[in-house]
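The values are calculated or read from the model by the stated rules, or taken from the named source; none is laboratory data. Worth saying up front: this structure is predicted, and the values here are computed from it rather than measured. Methodologically, a virtual Cβ is constructed for each residue, glycine included, from the backbone with ideal geometry; neighbour enumeration extends over all protein chains shown.
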Amino acid sequence: MKKTAIERVKLARDPGRPHFCDFVRLMCDDFEELHGDRLVSDDRALIGGFARIGGEKVLILGHNKGSTVEENMAANFGMANPDGYRKAMRLASLAEKFRVPVVTLVDTPGAYPGREAEERGQAEAIAKSLEFFARLRTPVVVVITGEGGSGGALAIAVGDRVLMLENAVYSVISPEGCAGILWRDGAKAPEAAEALKITAADLKKLGAIDEVVREPAGGAQKDHAATAAAVKEAVLASLRELAGVPADELLERRYAKFRAMGNFYS
């Protein structure tokens, strides 16, 4: 039976789904985490480092929700501060310098909206990150693994190939937030979820993502290893596709890809 949009939202939020550290453990060899934005702190909500995926050297970055209550708290439930986005840019600049492709794993309800984050320039950090990844002169492969929430997700989701797990969601606002704005009634979240077109299948039809990565029966939370294997295979196929493309051509394609989104009349 086909799942509704709100059912996929619930699956995307399932705490049993594999998170960033699970994917790194199951997909990567020789992972070496790098820390800090060299300005404020080492944000645990967005982490990354150099690794090998199937023998390919990559920089892997991603939102880190954590798998236990203690990890959730330490990682701020995957909601990054400006420090996290600045760290992501710092690490990606190293990848560009060493001519290593970047792989990003997106799973966040959104950027942290707290006072301190705003005081440290949350909106500016996200805007800078969008511009930075749009101009990064190395291949970028994005995988939306759970929640892709608003600018907090998009900040590390500007890439040459955008992949999405079957039960992940990707949206400018949560269904509950949309329902509260449009109908002043959070109970209408299911209707909002359908209207927002936030599922992988809908976004593939709209051209916002490039590929849907299938999950095991019952969802990614049922089999972490099989999910990671499917993501690994899709990432390696994308890296092979992008290998050898000159940097100037890569940037032109990336610009054209995102510039064309939202054009439904051509």
What single numbered condition from (1) in a helix (DSSP H, G or I); (2) crowded, with 23+ Cβ neighbours inside 10 Å fails to hold for K188?
(2)
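Listed residues D223, D248, D210, D185; which is touching a Lys or Arg at 6+ places or on another chain (Cβ under 8 Å), free of Cβ contacts under 8 Å to residues at least 60 places away in the same chain and among the charged types (D, E, K, R)?
On the way: D223 fails: touching a Lys or Arg at 6+ places or on another chain (Cβ under 8 Å); D248 fails: touching a Lys or Arg at 6+ places or on another chain (Cβ under 8 Å); D185 fails: touching a Lys or Arg at 6+ places or on another chain (Cβ under 8 Å).
That would be D210, the only listed residue that is touching a Lys or Arg at 6+ places or on another chain (Cβ under 8 Å), free of Cβ contacts under 8 Å to residues at least 60 places away in the same chain and among the charged types (D, E, K, R).
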Does any residue of segment 133-143 turn out to be at pLDDT below 95, farther than 27 Å from C178 by Cα, assigned to a helix (DSSP H, G or I) and of a type in the set (D, E, K, R)?
no
Can you tell me which residue within segment 144-176, out of those that are modelled with pLDDT under 95 and assigned to a loop (DSSP other than H, G, I, E, B), is surrounded by the most Cβ atoms within 10 Å (Cβ to Cβ)?
S174
State whether the residues of segment 73-89 include one that is among the hydrophobic types (A, V, I, L, M, F, W, C), out of contact with any strand residue (DSSP E or B) (no Cβ under 7 Å at 6 or more places or on another chain), within 26 Å of M27 (Cβ to Cβ) and modelled with pLDDT of 95 or more.
yes
Of all residues in segment 218-266 being under 22 Å from E166 (Cα atoms), of a type in the set (A, V, I, L, M) and touching a strand residue (DSSP E or B) at 6+ places or on another chain (Cβ under 8 Å), the one that is surrounded by the most Cβ atoms within 10 Å (Cβ to Cβ):
A220
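If you go through segment 90-140, how many residues are hydroxyl-bearing (S, T, Y) and touching a Phe, Trp or Tyr at 6+ places or on another chain (Cβ under 6 Å)?
First, the residues of segment 90-140 that are hydroxyl-bearing (S, T, Y): 93, 104, 108, 112, 129, 138.
Now narrow it down to the ones that are touching a Phe, Trp or Tyr at 6+ places or on another chain (Cβ under 6 Å): 129.
Residues in segment 90-140 being hydroxyl-bearing (S, T, Y) and touching a Phe, Trp or Tyr at 6+ places or on another chain (Cβ under 6 Å): 1 in total.
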If a residue counts only when it is acidic (D, E) and surrounded by 15 or more Cβ atoms within 10 Å (Cβ to Cβ), which strands (runs of 3 or more DSSP E) contained entirely in segment 19-86 have at least 1 such residues?
56-63
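Go through segment 231-242 and give me each residue that's under 20 Å from F20 (Cβ atoms) and either touching a helix residue (DSSP H, G or I) at 6+ places or on another chain (Cβ under 7 Å) or free of Cβ contacts under 8 Å to residues at least 24 places away in the same chain (or both). Walk me through it before giving the result.
Going residue by residue through segment 231-242, those that are under 20 Å from F20 (Cβ atoms) are 231-236, 238-239.
Listed by number, the residues that qualify are V231, K232, E233.
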Go through (1) in a loop (DSSP other than H, G, I, E, B); (2) more than 19 Å from R259 (Cβ to Cβ); (3) within 14 Å of the chain's Cα centre (by Cα); (4) not polar (S, T, N, Q) for E215 and report which single condition fails.
(3)
All positions within segment 177-191 that are within 19 Å of P109 (Cβ to Cβ) and either of a type in the set (G, A, S) or modelled with pLDDT of 95 or more (or both):
G177, A179, G180, G186, A189
May I ask you to verify whether K57 is under 20 Å from V162 (Cα atoms) and more than 16 Å from the chain's Cα centre (by Cα)?
yes
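Under 27 Å from L251 (Cβ atoms), surrounded by fewer than 24 Cβ atoms within 10 Å (Cβ to Cβ), more than 18 Å from the chain's Cα centre (by Cα) and charged (D, E, K, R), is that true of R115? Don't jump to the end; show me each part of the working.
Details: under 27 Å from L251 (Cβ atoms): no; surrounded by fewer than 24 Cβ atoms within 10 Å (Cβ to Cβ): yes; more than 18 Å from the chain's Cα centre (by Cα): yes; charged (D, E, K, R): yes.
Answer is no for this residue.
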If D202 meets every condition in (1) surrounded by fewer than 16 Cβ atoms within 10 Å (Cβ to Cβ); (2) part of a helix (DSSP H, G or I) apart from one, which number is that one?
(1)
